[in-house]
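Okay, structure first, notes after.
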(Lines give C-alpha, C1' and ligand atoms only; values in the text may rest on other atoms or scores of the structure.)
Protein backbone atom coordinates (compact mmCIF):
# COMPACT_ATOMS: atom_id res chain seq x y z
CA UNK A 1 0.00 0.00 0.00
CA UNK A 2 1.51 3.34 -1.02
CA UNK A 3 2.00 6.29 1.32
CA UNK A 4 -0.99 8.23 0.06
CA UNK A 5 -3.23 5.21 0.63
CA UNK A 6 -2.42 4.63 4.29
CA UNK A 7 -4.53 7.51 5.61
CA UNK A 8 -7.27 6.89 3.07
CA UNK A 9 -7.43 3.19 3.94
CA UNK A 10 -7.75 3.93 7.64
CA UNK A 11 -10.54 6.42 7.05
CA UNK A 12 -12.41 3.94 4.88
CA UNK A 13 -11.96 1.25 7.51
CA UNK A 14 -13.70 3.53 9.96
CA UNK A 15 -16.58 4.19 7.59
CA UNK A 16 -18.77 1.18 8.47
CA UNK A 17 -18.57 2.15 12.13
CA UNK A 18 -19.83 5.61 11.16
CA UNK A 19 -23.03 4.04 9.91
CA UNK A 20 -23.95 3.05 13.44
CA UNK A 21 -22.06 5.56 15.52
CA UNK A 22 -21.34 8.87 13.86
CA UNK A 23 -23.84 11.73 14.06
CA UNK A 24 -24.20 14.85 12.03
CA UNK A 25 -22.79 18.04 13.61
CA UNK A 26 -24.74 19.13 16.70
CA UNK A 27 -25.74 22.38 15.02
CA UNK A 28 -27.77 20.39 12.49
CA UNK A 29 -29.75 18.39 15.00
CA UNK A 30 -32.89 20.49 14.71
CA UNK A 31 -33.25 19.91 10.96
CA UNK A 32 -36.91 19.34 10.00
CA UNK A 33 -38.06 15.97 8.74
CA UNK A 34 -38.35 17.11 5.15
CA UNK A 35 -36.63 16.26 1.91
CA UNK A 36 -35.28 12.92 0.76
CA UNK A 37 -34.52 10.48 3.60
CA UNK A 38 -31.75 8.80 1.60
CA UNK A 39 -29.97 12.13 1.13
CA UNK A 40 -30.39 12.87 4.82
CA UNK A 41 -28.77 9.55 5.72
CA UNK A 42 -25.93 10.16 3.28
CA UNK A 43 -25.31 13.58 4.79
CA UNK A 44 -25.34 11.96 8.21
CA UNK A 45 -22.97 9.11 7.41
CA UNK A 46 -20.53 11.01 5.18
CA UNK A 47 -20.43 14.29 7.08
CA UNK A 48 -17.29 16.19 5.97
CA UNK A 49 -16.54 17.42 9.50
CA UNK A 50 -16.56 13.85 10.81
CA UNK A 51 -14.36 12.65 7.95
CA UNK A 52 -11.87 15.48 8.44
CA UNK A 53 -11.74 14.76 12.15
CA UNK A 54 -10.82 11.15 11.40
CA UNK A 55 -8.23 12.25 8.87
CA UNK A 56 -6.50 14.67 11.25
CA UNK A 57 -6.58 12.31 14.21
CA UNK A 58 -4.96 9.61 12.09
CA UNK A 59 -2.38 11.91 10.54
CA UNK A 60 -1.25 13.72 13.67
CA UNK A 61 -2.13 11.38 16.54
CA UNK A 62 -2.70 7.69 15.82
CA UNK A 63 -0.16 7.12 13.03
CA UNK A 64 2.77 9.03 14.62
CA UNK A 65 2.19 7.13 17.84
CA UNK A 66 2.02 3.81 16.00
CA UNK A 67 5.16 4.57 14.01
CA UNK A 68 7.13 4.95 17.24
CA UNK A 69 6.95 1.16 17.53
CA UNK A 70 9.55 1.11 14.74
CA UNK A 71 12.98 1.34 16.43
CA UNK A 72 14.40 3.49 13.62
CA UNK A 73 11.55 5.99 13.88
CA UNK A 74 11.79 6.00 17.67
CA UNK A 75 15.54 6.70 17.47
CA UNK A 76 14.97 9.48 14.95
CA UNK A 77 12.34 11.11 17.15
CA UNK A 78 14.59 10.83 20.18
CA UNK A 79 17.45 12.55 18.37
CA UNK A 80 15.35 15.13 16.51
CA UNK A 81 11.89 15.47 18.10
CA UNK A 82 9.13 16.43 15.71
CA UNK A 83 10.54 14.70 12.64
CA UNK A 84 7.43 12.60 12.08
CA UNK A 85 5.12 15.59 12.55
CA UNK A 86 7.18 17.61 10.06
CA UNK A 87 6.69 14.93 7.42
CA UNK A 88 2.97 14.63 8.15
CA UNK A 89 2.46 18.39 7.88
CA UNK A 90 4.30 18.49 4.56
CA UNK A 91 2.19 15.70 3.13
CA UNK A 92 -1.14 16.86 4.55
CA UNK A 93 -2.38 18.95 1.56
CA UNK A 94 -1.72 16.18 -0.97
CA UNK A 95 -3.06 13.47 1.31
CA UNK A 96 -6.18 15.48 2.02
CA UNK A 97 -6.83 16.02 -1.69
CA UNK A 98 -6.74 12.27 -2.28
CA UNK A 99 -8.77 11.69 0.86
CA UNK A 100 -11.58 13.97 -0.36
CA UNK A 101 -11.62 12.23 -3.73
CA UNK A 102 -12.02 8.84 -2.08
CA UNK A 103 -14.68 10.20 0.25
CA UNK A 104 -16.72 11.23 -2.78
CA UNK A 105 -16.31 7.75 -4.25
CA UNK A 106 -17.48 6.30 -0.95
CA UNK A 107 -20.52 8.57 -0.78
CA UNK A 108 -21.55 7.66 -4.32
CA UNK A 109 -21.22 3.94 -3.64
CA UNK A 110 -23.01 4.21 -0.32
CA UNK A 111 -25.89 6.01 -2.01
CA UNK A 112 -26.37 3.06 -4.34
CA UNK A 113 -26.27 0.60 -1.44
CA UNK A 114 -28.77 2.50 0.70
CA UNK A 115 -31.23 2.91 -2.18
CA UNK A 116 -31.04 -0.79 -3.01
CA UNK A 117 -31.06 -2.19 0.54
CA UNK A 118 -33.50 0.11 2.35
CA UNK A 119 -37.10 0.70 1.37
CA UNK A 120 -38.26 4.34 1.40
CA UNK A 121 -40.12 3.63 4.64
CA UNK A 122 -37.03 2.09 6.25
CA UNK A 123 -34.89 5.03 5.14
CA UNK A 124 -37.41 7.48 6.59
CA UNK A 125 -37.58 5.59 9.89
CA UNK A 126 -33.82 5.40 10.12
CA UNK A 127 -33.45 9.12 9.45
CA UNK A 128 -36.07 9.81 12.14
CA UNK A 129 -34.19 7.60 14.60
CA UNK A 130 -31.00 9.64 14.20
CA UNK A 131 -32.80 12.97 14.62
CA UNK A 132 -33.25 12.31 18.32
CA UNK A 133 -30.89 14.75 20.12
CA UNK A 134 -29.94 12.34 22.90
CA UNK A 135 -29.09 9.55 20.46
CA UNK A 136 -27.03 11.90 18.34
CA UNK A 137 -25.14 13.11 21.37
CA UNK A 138 -24.39 9.54 22.39
CA UNK A 139 -23.23 8.67 18.87
CA UNK A 140 -21.02 11.76 18.88
CA UNK A 141 -19.38 10.49 22.04
CA UNK A 142 -19.11 7.03 20.50
CA UNK A 143 -17.22 8.35 17.52
CA UNK A 144 -14.91 10.41 19.72
CA UNK A 145 -14.24 7.34 21.86
CA UNK A 146 -12.54 5.45 19.03
CA UNK A 147 -8.84 6.31 18.90
CA UNK A 148 -8.15 3.82 16.04
CA UNK A 149 -4.93 2.83 17.81
CA UNK A 150 -5.01 -0.84 16.79
CA UNK A 151 -5.85 0.03 13.20
CA UNK A 152 -3.05 2.58 12.95
CA UNK A 153 -0.59 0.13 14.47
CA UNK A 154 -1.64 -2.55 12.00
CA UNK A 155 -1.17 -0.28 8.99
CA UNK A 156 2.11 1.14 10.27
CA UNK A 157 3.46 -2.37 10.82
CA UNK A 158 2.50 -3.60 7.35
CA UNK A 159 1.84 -0.72 4.91
CA UNK A 160 1.66 -3.13 1.98
CA UNK A 161 -0.87 -5.44 3.64
CA UNK A 162 -4.63 -5.33 3.70
CA UNK A 163 -6.62 -3.51 6.36
CA UNK A 164 -6.93 -5.76 9.42
CA UNK A 165 -10.53 -6.54 10.33
CA UNK A 166 -9.23 -7.84 13.65
CA UNK A 167 -7.73 -4.41 14.39
CA UNK A 168 -10.98 -2.69 13.41
CA UNK A 169 -12.96 -4.99 15.71
CA UNK A 170 -10.54 -4.40 18.57
CA UNK A 171 -10.82 -0.63 18.23
CA UNK A 172 -14.62 -0.76 18.08
CA UNK A 173 -14.77 -2.99 21.17
CA UNK A 174 -12.49 -0.61 23.04
CA UNK A 175 -14.58 2.37 21.92
CA UNK A 176 -17.76 0.65 23.13
CA UNK A 177 -16.22 0.11 26.56
CA UNK A 178 -15.09 3.72 26.72
CA UNK A 179 -18.53 4.95 25.70
CA UNK A 180 -20.24 2.75 28.28
CA UNK A 181 -17.99 4.19 30.97
CA UNK A 182 -18.69 7.76 29.84
CA UNK A 183 -22.50 7.63 29.68
CA UNK A 184 -23.17 4.87 32.21
CA UNK A 185 -24.24 1.24 31.68
CA UNK A 186 -27.99 1.96 31.89
CA UNK A 187 -28.08 4.68 29.21
CA UNK A 188 -25.72 2.68 27.04
CA UNK A 189 -27.97 -0.37 27.24
CA UNK A 190 -31.07 1.70 26.39
CA UNK A 191 -29.48 3.25 23.29
CA UNK A 192 -28.03 -0.07 22.14
CA UNK A 193 -31.38 -1.83 22.58
CA UNK A 194 -33.22 0.89 20.65
CA UNK A 195 -30.73 0.62 17.80
CA UNK A 196 -30.76 -3.17 17.55
CA UNK A 197 -34.57 -3.45 17.76
CA UNK A 198 -35.29 -0.72 15.21
CA UNK A 199 -37.38 -2.00 12.27
CA UNK A 200 -34.69 -1.02 9.77
CA UNK A 201 -31.81 -2.67 11.67
CA UNK A 202 -31.96 -6.07 9.87
CA UNK A 203 -31.84 -4.33 6.49
CA UNK A 204 -28.85 -2.27 7.58
CA UNK A 205 -27.02 -5.38 8.75
CA UNK A 206 -27.75 -7.08 5.42
CA UNK A 207 -26.22 -4.07 3.69
CA UNK A 208 -23.01 -4.10 5.73
CA UNK A 209 -21.15 -6.71 3.62
CA UNK A 210 -21.64 -4.43 0.61
CA UNK A 211 -20.42 -1.44 2.62
CA UNK A 212 -17.33 -3.42 3.64
CA UNK A 213 -16.74 -4.47 0.04
CA UNK A 214 -17.00 -0.85 -1.09
CA UNK A 215 -14.45 0.17 1.51
CA UNK A 216 -12.12 -2.63 0.45
CA UNK A 217 -12.42 -1.65 -3.21
CA UNK A 218 -11.41 1.92 -2.38
CA UNK A 219 -8.57 0.68 -0.16
CA UNK A 220 -7.10 -1.44 -2.95
CA UNK A 221 -7.41 1.08 -5.77
CA UNK A 222 -4.09 1.56 -7.53
CA UNK A 223 -2.36 4.79 -6.48
CA UNK A 224 -1.43 7.46 -8.97
CA UNK A 225 2.36 7.16 -9.55
CA UNK A 226 2.75 10.90 -10.05
CA UNK A 227 0.86 11.69 -6.85
CA UNK A 228 2.99 9.17 -4.95
CA UNK A 229 6.20 10.68 -6.29
CA UNK A 230 5.10 14.20 -5.38
CA UNK A 231 4.12 13.10 -1.88
CA UNK A 232 7.43 11.34 -1.33
CA UNK A 233 9.33 14.40 -2.51
CA UNK A 234 7.39 16.70 -0.20
CA UNK A 235 7.76 14.51 2.86
CA UNK A 236 11.43 13.70 2.25
CA UNK A 237 12.20 17.38 1.69
CA UNK A 238 10.47 18.33 4.92
CA UNK A 239 12.42 15.68 6.83
CA UNK A 240 15.71 16.90 5.37
CA UNK A 241 14.97 20.48 6.44
CA UNK A 242 13.94 19.34 9.91
CA UNK A 243 17.10 17.28 10.36
CA UNK A 244 19.30 20.11 9.11
CA UNK A 245 17.81 22.50 11.66
CA UNK A 246 18.12 19.88 14.37
CA UNK A 247 21.67 18.69 13.61
CA UNK A 248 23.11 21.91 12.26
CA UNK A 249 24.45 20.25 9.14
CA UNK A 250 23.30 19.50 5.62
CA UNK A 251 21.31 16.27 5.28
CA UNK A 252 20.42 14.49 2.03
CA UNK A 253 18.13 11.48 2.11
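Checking each residue in the stretch 214-228 for being assigned to a helix (DSSP H, G or I) and loosely packed, with under 12 Cβ neighbours inside 10 Å picks out 225, 226. For the stretch 155-177, the set of residues classified as surrounded by fewer than 16 Cβ atoms within 10 Å (Cβ to Cβ) and either in a loop (DSSP other than H, G, I, E, B) or touching a residue at least 24 places away in the same chain (Cβ under 8 Å) (or both) consists of 157, 158, 159, 160, 161, 162, listed by residue number.
Residues that are within 15 Å of residue 192 (Cβ to Cβ) and at pLDDT 85 or above were ranked within the stretch 122-138; the one that is surrounded by the most Cβ atoms within 10 Å (Cβ to Cβ) is 130. Among the residues of the stretch 89-119, those identified as under 19 Å from residue 237 (Cβ atoms) and in contact (Cβ under 8 Å) with a residue 12 or more places away in the chain are 89, 90, 91, 92, 94, 95, 96, 98. Looking at 243, 204, 234, just one residue is closer than 30 Å to residue 114 by Cα, crowded, with 18+ Cβ neighbours inside 10 Å and modelled with pLDDT of 90 or more, and that residue is 204. Looking across 17, 31, one residue alone is at pLDDT below 80 and closer than 21 Å to residue 211 by Cβ. It is 17.
Of all residues in the stretch 203-212, none are without any contact (Cβ under 8 Å) to a residue 60 or more places away in the chain, part of a helix (DSSP H, G or I) and either more than 29 Å from residue 139 (Cβ to Cβ) or in contact with a helix residue (DSSP H, G or I) (Cβ under 8 Å, 6 or more places away or on another chain) (or both). Screening 84, 112, 119 for residues that are surrounded by fewer than 18 Cβ atoms within 10 Å (Cβ to Cβ) and touching a helix residue (DSSP H, G or I) at 6+ places or on another chain (Cβ under 8 Å) leaves exactly one candidate, 119.
On inspection, residue 148 passes the criterion of being under 21 Å from the mean Cα position of the chain (by Cα) and at positive phi.
The values are calculated or read from the model by the stated rules, or taken from the named source; none is laboratory data. The shown structure was predicted, so the numbers you read here are calculated from the model rather than taken from an experiment. Glycine also receives a Cβ, built like all others from the backbone with ideal geometry; neighbour counts cover every protein chain displayed.
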